[in-house]
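Let me begin by presenting the structure, written as structure tokens, before commenting on it.
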Amino acid sequence: QVELVESGGGSVQAGGSLTLSCAASGLISSIACMGWFRQGPGKEREGVASTDAGEFLAYADSVKGRFTVSRDSAKNILYLQMNNLKPEDTAMYFCTVGDCYGGSWLRMDYWGKGALVIVSS
């Protein structure tokens, strides 16, 4: 089975940093894209960042300049380094694997259970 497990969530002060990890197991080489979505309280799920098979990076406007997505393809680990966190970044962050082209998702095939990030002021 395909499994995605997020880790690294927690509670931080505004302006702080946090790094999320997503460990993927059971994946096949045809999976081309890994990325992060988040869902804050009372909000719809939104894309945060992604990296495709060619390691093209894409970010939501709201996190550009603050978040960095990276991928260890050999280990199937996806990271999200979050700097200068803001209270509005508070959300459940989900790792996903699927297919994308550039900054656009074609499909999301698998999801992790989520990692909670709480940013307090």
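Assign one of three labels to the stretch 1-68, namely rounded, prolate or oblate, based on the Cα gyration tensor with a ≥ b ≥ c the square roots of its eigenvalues; rounded applies when a/c is under 1.5, prolate when it is not and a/b is larger than b/c, and oblate otherwise.
It comes out prolate by the Cα gyration axes.
If you rank F56, F37 by how much accessible surface each has, with a 1.4 Å probe, what is the order from largest down? Walk me through the numbers on the way to the answer.
Numbers: F56 105, F37 20 Å².
These residues rank, largest area first, as F56, F37.
Given a 1.4 Å probe and every protein chain left where it sits, what share in percent of the accessible area of the stretch 21-89 is carbon and sulfur?
48 percent
Please give the contour-minus-distance gain from I77 to E46: 0.36 nm per residue of separation, less the Cα-Cα distance, rounded to one decimal in nm.
9.1 nm
Using Cα-Cα distances under 8 Å and only pairs 6 or more residues apart, what relative contact order does the stretch 45-110 have, in percent?
25 percent
Relative contact order (percent) for the chain, with alpha-carbon contacts under 8 angstrom and 6 or more residues of separation?
In percent, rounded to a whole number, it is 35.
Given DSSP loops and a limit of at most 15 other Cβ atoms within 10 Å, what is the longest stretch of the chain that contains no such trypsin sites (Lys or Arg not before Pro)?
The reported range is 1-42.
At 1.4 Å probe size, with every protein chain present, just tell me what the per residue accessible area of the stretch 45-121 comes to in Å². Present the calculation step by step, with values, prior to reporting the outcome.
Working: 3990 Å² over 77 residues.
That works out to 52 Å² for each residue.
Please enumerate, by chain and number, the aspartates and glutamates with C-alpha under 13 Å from the C-alpha of K113, excluding those fewer than 8 residues away in the same chain.
Qualifying aspartates and glutamates at Cα under 13 Å: E3, E6.
Shape verdict for the chain, please, from the Cα gyration tensor: rounded (a/c under 1.5), prolate (a/b greater than b/c) or oblate.
Values: a/c = 1.77, a/b = 1.59, b/c = 1.11.
The shape class here is prolate.
The values are calculated or read from the model by the stated rules, or taken from the named source; none is laboratory data. Everything numeric here is computed off the predicted structure, so don't read it as measured data. We place every Cβ from the backbone using ideal geometry, glycine too, and count neighbours over all the protein chains shown. For accessibility, only protein heavy atoms count, side chains too; no ligands or nucleic acids. Shrake-Rupley method; radii C 1.70, N 1.55, O 1.52, S 1.80 Å.
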